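**Student:** Following this message is one structure expressed as structure tokens.
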Amino acid sequence: MRSTPEPGYRALFDLTGRTAIVTGAVGILGRRFCRGLADFGANVVVADLQEEPVRAFAEELERACGVATLGVSCDVRDEAAVRALVGRTVERFGAIDILHNNAASKSEDLDAFFAPLEEYSLEEWRRVMAVNLDGMFLVARETGAQMRRQGRGGSIIQTASIYGIAASDKRIYEGSHYLGRQISNPPVYSASKAGVVGLTRHLAAHWADEGIRVNALVPGGV
């Protein structure tokens, strides 16, 4: 039998008046992260590559949850775009309290992305790393710097993966398909997510005395 939550339990997680940025916001996980934050009262900045889906989802979120939202098209590989994301957020809401650093790439070239390890190209490696790790660093750097200027702490959450801390077993992918093709776990994905874990530890120690908490989510299969 399902237990009934204690009255007012949601108050423990109330985010009313807080502002959160979510990158990779219109992806499989990003939409759920945005809804979770909005459901508990946060203003949500929906950041992803394509302007129209970003704007449409921000409007949908605002109607459904009754919070203020802002849709921003942002390529996390681009320093100027990341700075603009932070600037637009502060201009609209005055401050940043939460960052969910979630953007990641599966590459536009699925043949290259799912290529065998022995044939994996350096070009594809760098293309994915530019989003999964370089982008993660840029967004954390700019947002963390803004949180420091505000002087009231903050929370940064970064999406890693179980493959950032454990090796994948290729047997589990036998007969597995995604986007109409046989898939595997590419080496660049594991390496980039391990980098996210290491970056998270570094940032957590670096900003601890500023009251800025930095944590990683380490999900398994979704």
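**Student:** Along the positive direction of the dipole of the range 74-216 (beta-carbon charges: Lys, Arg +1; Asp, Glu -1; about the Cα centre), which of Ile172, Phe93, Thr159 reaches farthest?
**Tutor:** In the range 74-216, that residue is Phe93.
**Student:** While we're looking at this one, here's another question. Counting only protein heavy atoms and a 1.4 Å probe, tell me what percentage of the range 141-189's accessible area is made up of carbon and sulfur.
**Tutor:** 52
**Student:** Let me have the 222 nm mean residue ellipticity of the chain computed from DSSP H runs of 4+ only, each contributing -39500 (n - 2.57), with the sum over all residues rounded to the nearest 500.
**Tutor:** Only helices count here, giving -12500 deg cm²/dmol.
**Student:** Still on this model: Only loop residues by DSSP count here, and only those with at most 15 other Cβ atoms within 10 Å; note down the GluC sites (Glu not before Pro) in the range 124-222 that meet that.
**Tutor:** Within the range 124-222, the qualifying GluC sites (Glu not before Pro) (loop, at most 15 other Cβ atoms within 10 Å) are Glu174.
**Student:** Rounded to the nearest 20 debye, what is the charge dipole size of the range 36-195 about its Cα centre when +1 sits on each Lys and Arg Cβ and -1 on each Asp and Glu Cβ?
**Tutor:** Taking the Cα centre of the range 36-195 as origin, the dipole is about 640 debye.
**Student:** Something else about it: What percentage of the solvent-accessible surface of the range 1-133, computed with a 1.4 Å probe over protein heavy atoms, is contributed by carbon and sulfur atoms?
**Tutor:** 51
**Student:** Next question, about the same structure. Counting other Cβ atoms within 10 Å, which trypsin sites (Lys or Arg not before Pro) in the range 166-222 have at most 10 and lie in a DSSP loop?
**Tutor:** Hits after loop and neighbour filter: nothing returned.
**Student:** Where only protein heavy atoms count, and the probe is 1.4 Å, what is the accessible area per residue for the range 16-96 in Å²?
**Tutor:** 47
**Student:** Still on this model: Please sort through the DSSP H helices of the chain and keep those with an alpha-carbon extent of at least 15 Å along the long axis and a Kyte-Doolittle average not below -1.0.
**Tutor:** 51-65, 79-93, 136-150, 187-206
**Student:** Then there is this: What nm distance separates the two modelled labels at Ala11 and Arg141, each placed 7 Å from Cα along Cα→Cβ?
**Tutor:** Taking the two extended label points, one gets 4.3 nm.
**Student:** Expressed as cubic angstrom per residue, what is the convex hull volume of the alpha carbon set of the chain?
**Tutor:** Hull volume normalised by residue count: 159 Å³.
**Student:** For a distance above 15 Å, tell me the whole-number percent of Cα pairs in the range 173-212 that qualify.
**Tutor:** Roughly 61 percent, rounded to a whole number.
**Student:** Quick one: work out the % antiparallel among DSSP beta bridges in the chain, nearest 5.
**Tutor:** 10
The values are calculated or read from the model by the stated rules, or taken from the named source; none is laboratory data. Note that this is a predicted model, so its numbers are computed, not measured. So basically every Cβ, Gly included, is an ideal-geometry build from the backbone, and we count neighbours across all protein chains shown. The accessibility values were calculated without ligands, DNA or RNA, using every heavy atom of the protein model including side chains. Shrake-Rupley method; radii C 1.70, N 1.55, O 1.52, S 1.80 Å.
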